[in-house]
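Undergrad: Have a look at this one before I ask anything.
The values are calculated or read from the model by the stated rules, or taken from the named source; none is laboratory data. Keep in mind that this is a model prediction, so the values were computed, not measured. Counting neighbours? That spans all protein chains shown, and the Cβs are built from the backbone with ideal geometry, glycine included. These accessible areas exclude ligands, DNA and RNA; they are computed on the full protein's heavy atoms, side chains included. Shrake-Rupley method; radii C 1.70, N 1.55, O 1.52, S 1.80 Å.
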Amino acid sequence: MNKFSFFMPTKMVFGPDVVREAGAGLALGKKALIVTGRSSARRSGALDDVLSVLPGEYVVFDQVENNPSVETVIEGGKVAKEEGCDYVLAIGGGSPLDAAKVMAVLAVNDAHPLQLYKDGWQNRALPIVAIPTTAGTGSEVTQYAVLTIAEEQTKKGLGGPDLFPQVAYLDPKYTESLPLDVTIDTAVDALSHLVESYLSQRATEASELPALQGIALWGTTIPALRKKVIDREARAALLLASSLGGIAIAQTGTALVHALGYSLTYYDGLPHGRANGVCMPAYLEYTKTVAPERVDTILELLELPSLAAFGGLMHELFAGIGGTLQLSAETIEHYVTKAMLTKNIKNSLGDPSAEDLARILSRGSDPRS
Ligand code: NAP
Ligand code: FE
């Protein structure tokens with residue numbers, strides 16, 4: 001066995017009604033900055049549950065947009081400072097969870113978010129409670145926050161050990177209000193974390209355990225995803241699979257799928273998970289040439305007979321919600337150049353070249369593939 005380290009300091013509390021049952025224990029301080037998107041924290045019932053038991057004071061910042069911007073986290077950090085908040089409670093999908101993490105840093109550090117990428121930060125971020133309402137990003141158990149950086153025309157992950165939430169409360173019922181398209185997009189994001197982590201250069205004996213378990217669990221939801229009728233049991237499996245994906249990428253990072261997907265979101269507006277789903281079949285085909293047993297293990301766990309069946313599944317899931325796009329050769333070159341600059345590429349097996357990435361992206365943007 002190889003040497004490795006494994007760090008995941010978040011306490012996970014999983015199951016129905018865990019937020020209400022936490023009671024006063026939900027508070028990590030005297031005054032919370034509650035960070036949410038515009039409506040889903042209310043629609044999912046999570047905010048009501050929180051407010052019904054949270055002791056102490058709070059202020060709500062409910063302006064986080066999808067793929068959060070630098071401006072939004074500056075705004076939230078300012079509110080936390082002015083209001084004297086001593087912890088952050090995030091409710092929502094990856095966007096509010098990630099934004100909340102950066103706000104927790106800015107609340108106690110005088111810095112511009114772009115400086116954090118370059119120089120890190122001195123003072124430990126405020127403690128964070130995370131309550132996911134999507135089953136996709138795993139942000140509730142990772143040390144990452146992804147922001148949209150307009151200056152660089154891309155999305156970029158920030159990381160630090162104090163960005164791991166202190167506690168994550170996972171109640172599958174909060175995902176029941178998700179529209180079908182977001183359910184599918186986020187489910188595919190979870191799968192891409194599990195797969196990219198298992199196929200990472202940085203995978204270890206320990207990171208593979210949550211990744212493999214998560215892929216198998218995700219596989220049990222395929223019939224429900226295909227039927228597009230996602231019952232409570234499938235939602236619980238997706239939420240846990242998504243957290244297992246978070247635990248896995250917290251160790252390994254993501255790989256080339258995420259690197260390419262960021263441009264598909266930034267320039268073409270594809271939701272994050274769908275952007276990954278578009279690239280995944282061709283990514284697996286590429287990886288099969290360098291690590292065939294690993295790709296076969298993934299297919300076996302998903303109970304899919306072949307890579308063609310995997311591609312077919314992605315097609316089926318995105319049918320009717322828009323999972324194809326056509327990119328010119330020039331656009332593909334542009335996205336590949338950007339992706340080649342990311343750390344994610346180095347995580348990918350097989351030392352992929354710009355030509356490999358271009359092939360993956362052109363297959364992904366070919367509606368016949
Ligand atoms: P999201 O951007 O947080 O939310 C997508 C949409 O779903 C929003 O319109 C949101 O509404 C709505 N929504 C969320 N929960 C809902 C619910 N229970 N019922 C009804 N609507 C709901 O989506 P996401 O895919 O979870 O997060 C994507 C972001 O996470 C991206 O920026 C991505 O790069 C990042 N990410 C982070 C990590 C990490 O490790 N930190 C990993 C992967 C991806 P509201 O606006 O009203 O909330
Ligand atoms: Fe992701």
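Undergrad: Report Rg/Rh for segment 11-174, rounded to two decimals, where Rg is the Cα radius of gyration and Rh the Kirkwood radius.
TA: 0.94
Undergrad: At a Förster distance of 30 Å, what's the computed FRET efficiency of I321 paired with F7, Cβ-Cβ distance as r, to 0.05?
TA: So the FRET efficiency works out to roughly 0.25.
Undergrad: Moving on. Show that you can apply the helix-only estimate: for the chain, add -39,500 (n - 2.57) for every DSSP H stretch of four or more residues, divide by all residues, and state [θ] at 222 nm to the nearest 500.
TA: When only DSSP H runs of four or more count, the value is -15500 deg cm²/dmol.
Undergrad: Compute the distance in nm between two label points, each set 7 Å from the Cα along the Cα-to-Cβ direction, one at E333 and one at V229.
TA: Using points 7 Å along Cα→Cβ, the separation is 5.0 nm.
Undergrad: Just the accessible area per residue of segment 1-92, please: how many Å² with a 1.4 Å probe?
TA: Here the per-residue accessible area is 52 Å².
Undergrad: Sum up the charges of everything whose Cβ sits under 14 Å from the Cβ of L244, counting Lys and Arg as +1 and Asp and Glu as -1, but leave L244 out.
TA: That works out to -4.
Undergrad: Sticking with this one: Where a ≥ b ≥ c are the square roots of the eigenvalues of the C-alpha gyration tensor, would you call the chain rounded, which needs a/c under 1.5, or, failing that, prolate if a/b is larger than b/c, or oblate?
TA: prolate
Undergrad: Setting aside same-chain residues fewer than 8 positions from K155, which lysines have a Cα under 21 Å from its Cα?
TA: K101, K118, K338, K343, K346
Undergrad: Could you order peptides 108-121, 156-169 by the average number of other Cβ atoms within 10 Å of their residues, highest first?
TA: By packing density, highest mean first, the sequence is 156-169, 108-121.
Undergrad: Something else now. Let me make sure I get this right: for segment 250-321, a, b and c are the square roots of the gyration tensor eigenvalues over alpha carbons, sorted descending. Under 1.5 in a/c it's rounded, otherwise prolate if a/b > b/c, else oblate. Which is it?
TA: Note, shape of segment 250-321 comes out oblate.
Undergrad: Based on the alpha-carbon gyration tensor of segment 92-175 and its eigenvalue square roots a ≥ b ≥ c, which shape applies: rounded if a/c is under 1.5, prolate if not and a/b is larger than b/c, or oblate?
TA: oblate
Undergrad: While we're looking at this one, here's another question. Could you give the length gained on full extension between D119 and E57, defined as 0.36 nm per residue of separation minus the Cα-Cα distance, in nm?
TA: Extra length available between D119 and E57 comes to 19.0 nm.
Undergrad: Name the residues of segment 103-122 whose amide N is less than 17 Å from a point 7 angstrom out from the Cα of K81 along the C-beta direction?
TA: So the set is 103-117, 120-122.
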